[in-house]
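To keep things clear, I will list the structure first and then write my remarks on it.
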Amino acid sequence: MTAVAPTIASGQRVEAKPEKRKGTGAWARRAPLLPALLFTIVVTQIPFILTVVYSFQSWNLVRPGSQHFVGFQNYADVFADSQFRGAMLNTVVLTVVCVFVALLLGLGLALLLDRKFLGRGVVRTLLITPFLILPAAGALLWKTTMFDPTYGLLNFVFGGETDWLSEFPLASVMAQIVWQWTPFMMLLILAGLQSQPKDVLEAAQVDGAGRWRTFASITLPHLSRYLQLSVLLGAIYIVNSFDAIFLMTQGGPGTASTNLPYYIYQRAFQGFDIGQSSAMGVIVVILTLIVATFALRLMFRAFDVSKGVVK
């Protein structure tokens, strides 16, 4: 018995050393990421915490000394604000319409690019270009070259002198956003199309299935994950659209094209109401987190994260 005990103890000491080395190696791998983590916390989490703190205070910059704690009064005032409800409705309409139209256009373009034809690489590059343009530059491009009542291409093609940004402000903003986000949808769907098993498509052709039958029974079910992912990711980005509205319509005429990000900007930088604008920002962040949560759940369901392949 006395001879066995030192053997067991020594064995335990030998097992403890690899665990220590393993822990040290893990920290050594994580150490280079700490500066990026600290930077992310400083530029994102600290401002968000301050926003939450300000949302519980009544503070208007044009009235010095007006800062005081009011609890949830700002949130109650925000939900009672008819302009806030109108901006929320515009945000929902803009997001749903833009995502739906961009998805349909992206699906059609992806189906065309999935076929082999002369110059496919050039066409693909040209179709991706709108997504590579800065949102501010794209908004100014559409404002000056497409919707200008005197020199715009739309009036040149259809005739007349329609002021599109005044008569159809929300639809004009939607057109620009759809133009910019259609390539994003197209790329995701094209990736799904190119991941289809070719033997299944060949078997369908041998069985006499037509193009529509093959698309409805094989291709569309295979693309369901990619379509859902496109919708959710597109909604996360489009719901925060600001550049197009700020540069094209300034939320007008009146509040016809005002969405939540632009309305928050107005209350904070034009109305100088820090308390209510912070409350609006917190509400928008919560709504965005809800959508992002569904997106992440869909991504983990649709893709095998551990293996890195689609289920």
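The values are calculated or read from the model by the stated rules, or taken from the named source; none is laboratory data. Keep in mind that what you see is a predicted model, and the values were worked out from it rather than measured. Please note: Cβ atoms are built from the backbone with ideal geometry, for glycine as well, and neighbour counts cover all protein chains shown. Note: areas computed on protein heavy atoms with side chains; ligands, DNA, RNA excluded. Shrake-Rupley method; radii C 1.70, N 1.55, O 1.52, S 1.80 Å.
Odds and ends about this structure:
- Heavy-atom accessible surface of the chain: percent carbon and sulfur, 1.4 Å: 69
- Only the Cβ atoms of Lys and Arg (+1) and of Asp and Glu (-1) were treated as charged; on that basis the dipole of segment 82-308 about its Cα centre amounts to roughly 680 debye.
- Residue with peak Gaussian network fluctuation, the chain [Cα springs, cutoff 10 Å], from GLY281, GLY121, GLY192: GLY121
- Normalised by 2.2 N^0.38 Å, where N is the number of residues, the C-alpha radius of gyration of segment 61-176 stands at 1.58.
- Entry note, the chain: relative contact order of 26 percent, from Cα contacts under 8 Å with a spacing of 6+ residues.
- Choice from ALA26, ALA171, ALA244 showing the highest fluctuation, given a GNM over the chain with Cα pairs closer than 10 Å: ALA26
- For the residues LEU170, LEU232, LEU112, a GNM of the chain with alpha-carbon springs under 10 Å puts the largest fluctuation on LEU112.
- Accessible area per residue in Å² at 1.4 Å probe, computed on segment 82-308: 54
- The smallest convex shape that holds all Cα atoms of the chain, its convex hull, gives 267 Å³ per residue.
- Structural size metrics of segment 37-77, computed from C-alpha coordinates, are Rg and Dmax of 12.9, 38 Å.
- FRET efficiency estimate (nearest 0.05) - Cβ-Cβ, THR162 to SER66, R0 41 angstrom: 0.35
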